[in-house]
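Read through the structure below, which is laid out as structure tokens, and then see the notes.
The values are calculated or read from the model by the stated rules, or taken from the named source; none is laboratory data. These figures come from a predicted structure and were not determined experimentally. Ideal geometry is used to build each Cβ from the backbone, glycine not excepted, and the neighbour counts take in all protein chains shown. Heavy atoms of the whole protein, side chains included, go into the accessibility calculation; ligands, DNA and RNA do not. Shrake-Rupley method; radii C 1.70, N 1.55, O 1.52, S 1.80 Å.
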Amino acid sequence: SRFFMGVSVLMVIVAVLLNQWVLGFFGKEFLAGSNVVLFRGIGQVINSSVGSVWLLLSMTGRSKLNMIGTSSAAVINVIMNLLLIPRMGIDGAAIASMIAVSFINILGYIFVKRIFKVKVFWIF
């Protein structure tokens, strides 16, 4: 998990630093989504840092927790989209997605930590 988090952080940093150039290559319309790269990248760093927590829970017979977590994240995503897209447009959608992805992965990490007494990071 730490390795994948490190790779993800590097990829997000490169993507954020080069997003104007890369998105500009496809046209000026794409430049409006430059913040999306940052917001989605943050969510993916959190996703990669916790590893396959939901797969672990499903494989150990705790698929009900998986269903509850996925359903909760879906509800959060829909509510956040309804609140943020009218005000912020594509950036609002990216923020809603970042929050939902972060929520489900942090929740899965908490479940795995409490059930299996596993610590991936020495702080948490």
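What is the sum of charges around Val53, taking Lys and Arg as +1, Asp and Glu as -1, for the other residues whose C-beta is under 12 Å from the C-beta of Val53? Walk me through the intermediate numbers first.
Values: positive: Arg62, Lys113, Arg114; negative: none.
Neighbour charge sum, excluding Val53 itself: +3.
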How big is the gap, in Å, between the Cα center of the range 1-49 and the Cα center of the range 59-78? 26
Can you pull the accessible area of Val36 for me, 1.4 Å probe, Å² to the nearest 10? 30
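Please give the length that would be gained between Phe26 and Phe116 if that part of the chain were fully extended, namely 0.36 nm times their separation in residues minus their C-alpha to C-alpha distance (nm, one decimal).
Values: separation 90, 0.36 × 90 = 32.40 nm, distance 4.64 nm.
Extending this stretch completely gives an extra 27.8 nm.
Using a 1.4 angstrom probe on the protein heavy atoms only, line up Met11, Met80 by accessible area, largest first. List each step's numbers first, then the result.
On the way: Met11 125, Met80 45 Å².
Output order, biggest surface exposure first: Met11, Met80.
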Potential extension, Ser58-Ile90 segment - 0.36 nm per residue separation minus Cα distance: 8.2 nm
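Please identify every one of the trypsin sites (Lys or Arg not before Pro) in the range 1-101 that sits in a loop by DSSP and has no more than 11 other beta carbons within 10 Å of its own beta carbon. All intermediate terms of the calculation are to be shown ahead of the outcome.
Values: sites: Arg2, Lys28, Arg40, Arg62, Lys64, Arg87; in loops: Arg62.
Hits after loop and neighbour filter: nothing returned.
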